[in-house]
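Student: Dumping the structure here so I can ask a few things about it.
The values are calculated or read from the model by the stated rules, or taken from the named source; none is laboratory data. A quick note: this is a predicted structure, and the numbers were derived from the prediction, not measured. Glycine also receives a Cβ, built like all others from the backbone with ideal geometry; neighbour counts cover every protein chain displayed.
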Amino acid sequence: MKPFTEKTINIIQSIPEGKVMTYGQVARFAGSPRAARQVVRILHSMSQKYDLPWHRVVNAQGNIVIKDEASADVQRMNLESEGVVVINRKVSLKDYGIHSIEQIT
């Protein structure tokens, strides 16, 4: 496994319940600030294998961006079950976002 992939998996596994991170934040904390799309691919291909809390990762505006409505609803319900308020498929990054690496280490 490549170091970036391993770091990405560890970071996503460390996102606490009731908090979210953006794809870009995960990429930046894993050492490659321009690799947000790679984070998406890792989530898509490895979430089940590594039991990743994929629902805790949103886009840079705090939006749920999954196109499939059923999957987007699963993400919303998972977040809400952890106490995260989701309004119109959007999460307040100010209230629920991780703002520094220290919050997950």
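Student: Identify all residues within region 67-90 that are closer than 19 Å to S14 by Cα and out of contact with any Phe, Trp or Tyr (no Cβ under 7 Å at 6 or more places or on another chain); write none if there are none.
Tutor: Passing the criteria: Q75, N78, L79, E80, S81, E82, G83.
Student: Could you pull out every one of the helices (runs of 4 or more DSSP H) wholly within region 9-93 that has 2 or more residues that are touching a residue at least 12 places away in the same chain (Cβ under 8 Å), surrounded by 17 or more Cβ atoms within 10 Å (Cβ to Cβ) and not hydrophobic (A, V, I, L, M, F, W, C)?
Tutor: Once the helices (runs of 4 or more DSSP H) in region 9-93 are filtered for at least 2 residues that are touching a residue at least 12 places away in the same chain (Cβ under 8 Å), surrounded by 17 or more Cβ atoms within 10 Å (Cβ to Cβ) and not hydrophobic (A, V, I, L, M, F, W, C), what remains is 23-29, 69-81.
Student: Sticking with this one: Among the residues of region 41-68, write down those that are of a type in the set (D, E) and at pLDDT 95 or above.
Tutor: At the first step, the residues of region 41-68 found to be of a type in the set (D, E) are 51, 68.
Selection gives D51 alone.
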